[in-house]
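K.L.:
The structure is given below, and queries will be raised subsequently.
The values are calculated or read from the model by the stated rules, or taken from the named source; none is laboratory data. Quick caveat: nothing in here was measured; it's all calculated off a predicted structure. Here the Cβ positions follow ideal geometry from the backbone for every residue, glycine too, while neighbour counts run over all protein chains shown.
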């Protein structure tokens, strides 16, 4: 089983996995884009804050002397947020230690990557179907597909969505085959349901983790964020829950936090290897080179973000390098604000017609969860992390840029006021 199996067992392409931008891909992209408009996200913003506040309560329930592994914790947070924002379903991964969807996603993502890197795993599973590896694989993939089917059944059971409902589930239910005009059946919709869960969970979770790592490791950066939150009068509102006291515009106005987030995305890009694309015809030109048909092409985001001819001292964490672009590119949470043809410097969400459709949602989540956490706690790296260099030495590429052994942080409740 390869990575494509993560998107359901029906064998159909999704918005993410399709090799060509055919008529159905274009129809799906256009049909779901309204769910990620600024207007739609403003309506969903309280749900993100709700989950951020649940995260605060979980941390409060842990002794300040006990380090917390934020790697799985952020995955639980983003999974819950994806369910609420996209489908109005609370998966309760934060509340319940044993969450079937969380457990299946974590296992199957790891297994899909391992099988892609080592084809012999697939051979072993075929030759020994009753072996532990094959049995565990069948069980967890079956569990994942059952969860997808349950979500789709839940969405279908709501009936036709209201005309003014632009949430993701409503947009998905309205999708039709562009050739026949017939609504998509469950086999075609399932990969799309899975796509938005997968895309909104792992990458955002690990990006939040690396941003919090940088903040915890660099006290001066943490103090500047605290000063910004206090300076704009948001500190107490964030500490008191904030669901009815904060707006989408409040969070996206935090310019220094935005710069820190972007610098974390540059130095620790969660999709560090970039996204594969496949040429669909002979003779296509990529960076001046003629490339044969069916050739996979990848732009390595990590290399772009660390090229010394593009960045001054790229190895340094320097949020101020984004000071002239923070409001333009990220405070509005809209990477498309750059004029067509302008030189790009921020590739975390890719570029062109296949850029990340959920980039506004991802930025909203990142800024929101960090603002809420930093208003409630002071963070530092746990001793077991071995400092900045120790943590960086344990990075590895999974579905997103992960860290071996976890990201352990000490969280000390704030007692100050503003």
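K.L.:
The conditions are (1) without any contact (Cβ under 8 Å) to a residue 12 or more places away in the chain; (2) farther than 21 Å from residue 74 by Cβ; (3) not in a loop (DSSP other than H, G, I, E, B), and residue 4 fails exactly one of them. Which is it?
P.N.:
Going through (1) without any contact (Cβ under 8 Å) to a residue 12 or more places away in the chain; (2) farther than 21 Å from residue 74 by Cβ; (3) not in a loop (DSSP other than H, G, I, E, B) one by one, residue 4 breaks only (1).
K.L.:
Something else about it: Kindly list, by first and then second residue, each pair from a residue in region 387-407 that is more than 22 Å from residue 105 (Cβ to Cβ) to a residue that is in a loop (DSSP other than H, G, I, E, B), limited to pairs with Cβ atoms under 8 Å and residues at least 6 apart or on different chains.
P.N.:
From residues that are more than 22 Å from residue 105 (Cβ to Cβ), the pairs are 391/407; 393/386; 394/404; 394/405.
K.L.:
Just for strands (runs of 3 or more DSSP E) wholly inside region 323-418: which have at least 1 residues that are surrounded by fewer than 20 Cβ atoms within 10 Å (Cβ to Cβ) and modelled with pLDDT of 85 or more?
P.N.:
In region 323-418, 377-381, 395-397, 408-413 are the strands (runs of 3 or more DSSP E) which contain 1 or more residues that are surrounded by fewer than 20 Cβ atoms within 10 Å (Cβ to Cβ) and modelled with pLDDT of 85 or more.
K.L.:
Count, please, the residues in region 15-46 that happen to be buried (at least 18 other Cβ atoms within 10 Å of the Cβ) and under 30 Å from residue 95 (Cα atoms).
P.N.:
The total comes to 8.
K.L.:
In the list 113, 105, which residue meets the criterion of being assigned to a helix (DSSP H, G or I), within 29 Å of residue 31 (Cα to Cα) and either in contact (Cβ under 8 Å) with a residue 40 or more places away in the chain or assigned by TED's automatic domain parsing to the domain that holds residue 15 (or both)?
P.N.:
One residue alone meets the criteria, 105.
K.L.:
Here's another thing I want to ask about it. Scan region 56-88 residue by residue and report those that are free of Cβ contacts under 8 Å to residues at least 24 places away in the same chain and part of a helix (DSSP H, G or I).
P.N.:
Within region 56-88, 57, 73 qualify.
K.L.:
Go through region 372-394 and count every residue that is under 29 Å from residue 49 (Cβ atoms) and in contact with a helix residue (DSSP H, G or I) (Cβ under 6 Å, 6 or more places away or on another chain).
P.N.:
The number of residues fulfilling the criteria is 9.
K.L.:
Among the residues of region 180-209, which ones are under 20 Å from residue 267 (Cα atoms) and touching a strand residue (DSSP E or B) at 6+ places or on another chain (Cβ under 7 Å)?
P.N.:
206, the sole residue that qualifies.
K.L.:
Can you find, within region 89-102, the residue that is nearest to residue 143 (Cα to Cα) among those that are free of Cβ contacts under 8 Å to residues at least 40 places away in the same chain and part of a loop (DSSP other than H, G, I, E, B)? Walk me through it before giving the result.
P.N.:
Within region 89-102, the first condition is being free of Cβ contacts under 8 Å to residues at least 40 places away in the same chain, and the residues that meet it are 90-93, 96-99, 102.
Then drop every residue that is not part of a loop (DSSP other than H, G, I, E, B), which leaves 90-93, 96-99.
On the way: 90: 18, 91: 14, 92: 17, 93: 15, 96: 17, 97: 16, 98: 13, 99: 11 Å.
Top of the filtered list is 99.
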